[in-house]
Every structure is written in structure tokens, then in C-alpha cells.
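Read through the structure below, which is laid out as C-alpha cells, and then see the notes.
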Amino acid sequence: MESHPLIAALSLFAVAVLATGAGSQEAPSIPPLPHRLADTGLYVAGSTKEVRADVLPYTPQYALWSDGATKRRWLHVPAGAAIDATQPNAWEFPPGTKLWKEFSHGRPIETRLIERLPDGSWRFAAYVWNEDGTEATLAPPAGIAVVAARGAPNGRYRIPSEADCRACHEGAAVPVLGVGALQLSPDRDPNAAHFERRKANDAGLRELVARGWLRNLPDAMLRNPPRIAASSPLERAALGYLHANCGHCHNDAGAQPPVDLQLAQQALPGASRSDRVLASVVGAPSRYRARGLPAAAPLVDPGRPASSVLAARMRTRDPHVQMPPLGTELIDAEGLALIERWIAHQPRKEPQ
């Protein structure tokens, strides 16, 4: 029995569809990372210096210590899209979001890129500048152990691996560490360690909302910008330092280490509460013993920096003990001094 010509034609069409994959819902293809930083969208076409008008600079109020490197940072949100701030402590960045951070020691040495892909995942890359600062090219995923850099500590600079980047960034609720309600709040802390003055064209909460790049931020956060609640300016600065340098790992939102330590601040309208942070660190026993301290030594021993595990781990660069564990080879003298002053001013509770 012969088939009807129309049925035969439809059957051939179905075979063709299956053979070519037409009509199927395939995941969007991810283009490879550009070989040159100039092709990532940071600069005006044909330039390696002039930043595009749709790329905004920003400066977090609490800096992450990076062995004294000077940094510049930029953010781009694709046209028609916006960051969703419905959850003030876990902003939702749209696919196509890109962030860059340039590290310099006398000259630019590397620029890191974080990009949100169409499938919602994030990718991380580093671009290494040549010595005359005319071009930066993609570093291998394994990083580079040594880059000669005259102004860097000991004249050596290490480009982190992709795994190193993920180890820090993916420990938080959102892998973007310096762009959030607290870090971009206009109520900036003048006592912050390594204080960076906000530049005239920097993007903050109000600028992002006005530009349409930030939506659903509670109105109360614009009327009463978030800040860290603290008993003194010294405590506010110390808690801000711990938030920026430790909170991306020590929190209750991401893949945190197996210790009950909460150093990430929660952004709320006005003064965010610090009770939980203080309870987890002041007088709290340390799970790990620091060299030279008894096993029962607390993370913060009120009034006694020398017997506080937190300060002891900041005070060393022994790779088995130091905190933070990655991204730094030099002790942060200014940050350590701030934390020690704060510990020294903590009131002691005398035994009853």
C-alpha cells in the first residue's frame, strides 16, 4: 500500500528536522573569552585606555586587602536589563553583567573580569598587562606563578588561577563582592582601613537607581542609606574591615568554612544590626588552635589582642595559619592595627 504524497513529504520534513536539530531548544552557546582585554567591552573600540561611556566606575567603602595594590573597578549592565535588589543582601545580576578590577603597583599588572553568562553561571578571567601598559592578554586558567613587577612586594606578582577566584567569590550569596547595598551606600565610613575617597563619577546606590541599572531597592534604603550599626566609630570600621576581607567566606549564605563565624554584615535601611556578628566572634572559642595560644583561646579576647586568635591569624603569613588564606603575601599592618585597637577597647566581663 503506497503512502499519500503529503504524508511522505511530512515524514521527510520530520527526518530533516531531527537530523539538523531545528526546532529543538538548545542551550545558548557561550563564546570563548577574548584573548585581549581590549575586546571584553571595557574600552572604546581601538583603545586600551578610554573606558566606554556605558561602563561605570565604582569604589567600595570597605576595601579588600591585596598587598597594597592600587585598584580601579568598573561595572557594566547590558542595555534594557537591571540588577534586581529585591533581596538587599543578595542582588540578582542579569546575564551580560560584567565587572572589571585593575591591580597596579606603579603600573597596571592585571585586570580581572567577572561575567554572568546567558545560562546564569559566572566566569572568571585575568588579563596580564605588558610592561609598557599598552595591552593586556588573557592569562591561562591555572594563573601565573610569577610576574616580574618592580613595584610589587619583592618585585614579584602572582596572577591567581580561576579556581582561586572561585574559592573566594563563590563563598558568598552572590559572587560579586564589592557591589552591594552596604558597599555602595552613600553613608560612607571615613574611618575605614585604606579609605578610598569616592570619586565624582563613581556609581553608588542613587546613581544606579537613577540610571535604571538597579531596581526594587527598598525606598527606605535611599532615604536612610545602610550603614553598620556599632557602639563606636572604631567598632564600625573594624566590623566593616571584617565584612570586606572575611565575610565572603564567613557567612551563612554561601559555601562557608565549617566554623560558626558570621562576619558578613546584613544591609538594612539605616543601621544594620551587628549583634550576630559580635556574638560569633567576641569571646567565642576558636575551633583551630593558633600557635603560641592555648587551645581554649577565644577568637576575640576582650581587651587582649595578644591572646585573640583572630589577631594572631591576621598577624602571620604562614600559609597553614594566615587569614585571609588566599590573595595576600603581606600582613596588612593598617588593618591589623585597626582590629587590635578594636579588641583592646572591648570591655572585659569579670567573673561573677
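The values are calculated or read from the model by the stated rules, or taken from the named source; none is laboratory data. Since we're looking at a predicted model, the values are computed, not measured. Neighbour counts are summed over all protein chains in view; Cβ atoms, including those assigned to glycine, are modelled from backbone coordinates with ideal geometry. Calculation scope for accessible area: heavy atoms of the full protein, side chains included, ligands and nucleic acids excluded. Shrake-Rupley method; radii C 1.70, N 1.55, O 1.52, S 1.80 Å.
Numerical summary
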| quantity | calculated |
| --- | --- |
| Expected 222 nm ellipticity per residue - DSSP helices of 4 or more, -39500 (n - 2.57), all of the chain, to 500 | -6000 deg cm²/dmol |
| With at most 16 neighbouring Cβ atoms within 10 Å, loop GluC sites (Glu not before Pro) (DSSP) excluded, longest segment of the chain | 197-328 |
| The range 143-301, relative contact order [Cα under 8 Å, separation at least 6], % | 19 percent |
| For the chain: relative contact order, % (alpha-carbon pairs under 8 angstrom, 6 or more apart) | 14 percent |
| Probe 1.4 Å, all protein chains present, accessible-area order of Lys71, Lys49, Lys349, largest first | Lys349, Lys49, Lys71 |
| Approximate spin-label separation Ser231-Phe195, in nm, with each point projected 7 Å along Cα-to-Cβ | 2.3 nm |
| Prolate/oblate/rounded call for the range 264-317, Cα gyration tensor, a/c under 1.5 rounded | prolate |
| Residue-span extension gain [Asp202 to Leu33] - 0.36 nm each, minus C-alpha spacing | 58.1 nm |
| Contact order normalised by residue count of the range 150-236, Cα under 8 Å, 6+ apart, percent | 29 percent |
| Point-charge dipole on Cβ atoms (K/R +1, D/E -1) for the range 37-144, about Cα centre, debye to 20 | 200 debye |
| For the chain, with +1 on Lys and Arg beta carbons and -1 on Asp and Glu, the positive-most of Leu338, Ile109, Pro175 along the dipole | Leu338 |
| Largest-first ordering by accessible area, 1.4 Å probe, given options Arg215, Arg291 | Arg291, Arg215 |
| Leading residue at positive end of dipole, the chain (Cβ point charges), from Ala90, Ser231, Trp65 | Ser231 |
| C-alpha center-to-center spacing [the range 284-352, the range 69-92] in angstrom | 33 Å |
| Exposure of Val282 as accessible area (Å², to 10), given a probe of 1.4 Å and all protein chains | 40 Å² |
| Whole-percent carbon and sulfur share, accessible surface of the range 259-352, 1.4 Å | 57 percent |
| Among (i) 210; (ii) 132; (iii) 144, the entry derived from the coordinates for volume of the Cα convex hull per residue in Å³ | (i) |
| Student exercise, the chain dipole from Lys, Arg, Asp, Glu Cβ charges, in Debye to nearest 20 | 1080 debye |
| Under 19 Å from the Lys49 label point (7 Å along Cα→beta-carbon), backbone N, the range 76-118 | 102-111 |
| Paramagnetic reach from Glu329 in the range 129-162 [backbone N under 16 Å; point 7 Å along Cα→Cβ] | 143-161 |
| Of all accessible heavy-atom area on the range 56-161, the percent that carbon and sulfur account for (1.4 Å) | 51 percent |
| Solvent-accessible area of Asp219 with every protein chain in place, 1.4 Å probe, in Å² to the nearest 10 | 100 Å² |
